[in-house]
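Below is one structure; the comments refer to it alone.
The values are calculated or read from the model by the stated rules, or taken from the named source; none is laboratory data. Only a predicted model underlies this, so the values are computations on that prediction, with no experimental measurement involved. Here the Cβ is made from the backbone with ideal geometry for all residues, glycine too, and neighbour counts use every protein chain on show. Keep in mind that these areas ignore ligands, DNA and RNA; they rest on the heavy atoms of the full protein, side chains included. Shrake-Rupley method; radii C 1.70, N 1.55, O 1.52, S 1.80 Å.
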Amino acid sequence: MPPVEQPDEVEVVRPDFQLPLAQPFTGIEAADVGGIGPVVRGKVRDIVDLGDRLALIATDRLSAFDRVLGTVPYRGQVLTQLSAWWFDRIADLVPTHLVEVADPNVTIARKCRPLPVEVVVRSRLTGTTGTSLWTLYAAGARHVYGMRFPDGMKKNDPLPRPIITPTTKGSMGAHDRPISEGDIVDSGLVEARLWDEVRSIALSVFERGEQAAAEAGLVLVDTKYEFGLDPEGGVVIIDEVHTPDSSRFWRAATVEERLAAGGEPENLDKEVVRIAFAAQGFVGEGDPPPLATGLAVRTARAYLEVFEVLTGRPLVPAAYPATPRVVTALRSYQRA
């Protein structure tokens, strides 16, 4: 199967940004960290156990449809630095796991016990994955995630208010599954009082995200949050917040015009890749086709635009290959 390409329809803030594709950062293997600590390699992050802390190494591996599809330049740096920016802006709403950013690709985080569900907040009827509202609705489902939806809705329609559509956490290569809030509590995955706290926090963080996105000329359409418990049992937001990997962003200025014409909004996030792969027939089953260089570059530029318009500053590109600086940062943190 040929690599997945897509027409370049995304105008970006920095269309001439030079991307180093010769040596993409594809992850840190156990031997690479020089005995710094045990390494667990996830889909897109490599996690080093530092004792009472974790080093979360955001690689440039991109995962969609629960598969690693390839690498996107600067993806890991955007996720690390943009999440740190968001963590600072939601600190009054919920504690975070962030201790410090040790390197453009490395977050030093508190150890927390992750909750066994992903908390997805949505404001539109959209999406391409098997757990998205539109995919389920288009297949005829009208009662999903414990909620009923009326007939006659169209893709990308706004919802009356943001809703929570949780999923289970699939292991490497396994698919996440939709689950209702009631089932989360009834099955014992999360205790009722704790779930009430988590859902309240998630909706508050999403509202804060919508406000910041609107000020930057974006629409925050939906997002995924992960929560954990600190050693004292307090709720902590972990992983990442409002990045182009975990969130769907549309360019606000063209949304209504494009929808009125029957088109798709301008996606500035991982949906660029999802749409391209879905158009070629891959939605998670079988072997994925390669991620074409052109599509990886366009995705990187979309990520860079989101970073720039939200933070108000351009990304300062870190050196490639990334492994030497990542290892240096980890060793420096251990000695500190």
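What to note about this one:
- Test: residue in segment 194-207 that is among the hydroxyl-bearing types (Ser, Thr, Tyr), open to solvent by 50 Å² or more (accessible area, probe 1.4 Å) and at pLDDT 95 or above: yes
- Among (1) in a loop (DSSP other than H, G, I, E, B); (2) more than 19 Å from residue 61 (Cα to Cα), the one test that residue 310 misses: (1)
- Candidate set from segment 74-117 (those that are small (Gly, Ala, Ser) and in a strand (DSSP E or B)); member that is farthest from residue 211 (Cα to Cα): 102
- Evaluated against (1) closer than 21 Å to residue 127 by Cα; (2) out of contact with any helix residue (DSSP H, G or I) (no Cβ under 9 Å at 6 or more places or on another chain); (3) of a type in the set (S, T, N, Q), residue 200 falls short on exactly one condition, (1).
- Among the residues of segment 187-235, just one is assigned to a loop (DSSP other than H, G, I, E, B), of a type in the set (A, V, I, L, M) and farther than 18 Å from residue 113 by Cβ, namely 216.
- Restricting 142, 199, 148 to residues that are basic (Lys, Arg) and in contact (Cβ under 8 Å) with a residue 24 or more places away in the chain narrows the list to 199.
- From 330, 304, 291, residue being over 22 Å from the mean Cα position of the chain (by Cα) and surrounded by 22 or more Cβ atoms within 10 Å (Cβ to Cβ): 330
- Selection within segment 65-81: residues that are touching a helix residue (DSSP H, G or I) at 6+ places or on another chain (Cβ under 8 Å) and closer than 19 Å to residue 319 by Cβ. The member of this set that is surrounded by the most Cβ atoms within 10 Å (Cβ to Cβ) is 72.
- Options 217, 234: the member that is open to solvent by 20 Å² or more (accessible area, probe 1.4 Å), touching a Lys or Arg at 6+ places or on another chain (Cβ under 9 Å) and more than 15 Å from residue 82 (Cβ to Cβ): 217
- Qualifying residue in segment 276-285 (condition: out of contact with any Gly (no Cβ under 6 Å at 6 or more places or on another chain), of a type outside the set (Ser, Thr, Tyr) and under 26 Å from residue 214 (Cα atoms)): no
- Residue that is farthest from residue 77 (Cα to Cα) [pool: residues in segment 253-281 that are open to solvent by less than 10 Å² (accessible area, probe 1.4 Å) and outside any helix (DSSP H, G or I)]: 265
- Qualifying residue in segment 276-296 (condition: free of Cβ contacts under 8 Å to residues at least 60 places away in the same chain and either touching a Ser or Thr at 6+ places or on another chain (Cβ under 6 Å) or of a type in the set (Gly, Ala, Ser) (or both)): yes
- Residue selection: residue 226 fails the criterion of being open to solvent by 40 Å² or more (accessible area, probe 1.4 Å), at pLDDT 95 or above and over 19 Å from residue 267 (Cα atoms).
- Among the residues of segment 79-99, not a single one is under 16 Å from the mean Cα position of the chain (by Cα) and modelled with pLDDT under 95.
- Filtered residues of segment 123-174 (kept if in contact with an Asp or Glu (Cβ under 8 Å, 6 or more places away or on another chain) and under 23 Å from residue 256 (Cβ atoms)): 123, 124, 125, 126, 127, 128, 156, 162
- Those residues of segment 307-322 which are open to solvent by less than 40 Å² (accessible area, probe 1.4 Å) and of a type in the set (Val, Ile, Thr), in sequence order: 311
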